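Input: a single structure, listed below in structure tokens.
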């Protein structure tokens, strides 16, 4: 594996870090500091893409000549973005609104190579939520406390019990780092996970 440029994952998510570790390539992490406020009229998909670019650029500015991965995930419900609840009351409201609905998780990813070239993509995951009675929502929130998670549902943990169906071209996209697409993007950036397959 002739990977000369250092690889940086621009995320503080332990779940994204665990996913990237699956590829068995050395990397470090760096948490980007960007304003995540949606722009007026911005679609959830466009928001996720813009934030992934901003995060990658913020990290690349601090670490030139490295390969940087920036990522963001935005939950869409009925055409609008659903953010992080921050507390129990907001989380209860979010999950009540999502009960029985199909929602879309837009998992955006940007890779900036050591020369500053940029690649971006958005991989959608369609989730059909179970019918969630108030008692079940309350028990879930008390056990998981997913108040820093968009949509209040940590699919990578106990939140999977809230899901009736999940559809995506990449099973890792729902956790926030679509590895199938990432391996292609990394190869374009000069980092080959399995060189003989490229």
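Stretch residue 37-residue 126 to full length: gain in nm at 0.36 nm per residue minus the Cα-Cα span? Provide the component values of the computation, followed by the final result.
Values: separation 89, 0.36 × 89 = 32.04 nm, distance 2.34 nm.
Fully extending the segment from residue 37 to residue 126 adds 29.7 nm.
Only alpha carbons enter this Debye calculation for the stretch 32-96, each as an equal point scatterer, and the log10 of I(q)/I(0) it gives at q = 0.12, 0.14 Å⁻¹ is -0.39, -0.51. Counting only Cα atoms, the size of the stretch 150-198 along its three principal axes is 40, 18, 13 Å, in decreasing order. Values of log10 I(q)/I(0) for the stretch 61-190 across q = 0.11, 0.17, 0.18, 0.23 Å⁻¹ run -0.44, -0.85, -0.91, -1.27, by the Debye formula with one identical scatterer at each alpha carbon and no solvent. Put in line by how crowded their Cβ is, counting other Cβ atoms within 10 Å and starting with the fewest, 51, 141, 23, 194 read 194, 23, 141, 51.
Could you work out the equivalent-ellipsoid semi-axes for the stretch 89-162, taking the square root of 5 times each eigenvalue of the Cα gyration tensor, largest first, in whole Å? Write out the running numbers ahead of the final one.
Numbers: eigenvalues 193, 35, 17 Å².
Its equivalent ellipsoid spans semi-axes of 31, 13, 9 Å.
Suppose only helical runs count, i.e. DSSP H with n ≥ 4. What mean residue ellipticity at 222 nm does that imply for the chain under -39500 (n - 2.57) per run, divided by all residues and rounded to the nearest 500 deg cm²/dmol?
Numbers: 5 runs with 59 residues, N = 198.
Mean residue ellipticity at 222 nm (helix-derived): -9000 deg cm²/dmol.
Across every direction, the projection of the convex hull enclosing the Cα atoms of the stretch 1-150 has a mean area of 9.8 nm².
Angle of helix 88-98 to the longest C-alpha principal axis of the chain, folded into 0 to 90 degrees and rounded to 10: 90°. If a spin label sat at a point 7 angstrom from the Cα of residue 93 along the line to its beta carbon, the backbone N atoms of the stretch 31-57 nearer than 19 Å would be those of 37-38.
A short reminder: the numbers here are calculations on the coordinates, not readings from a lab. Not measured: the values here are computed from a predicted model. Counting neighbours? That spans all protein chains shown, and the Cβs are built from the backbone with ideal geometry, glycine included.
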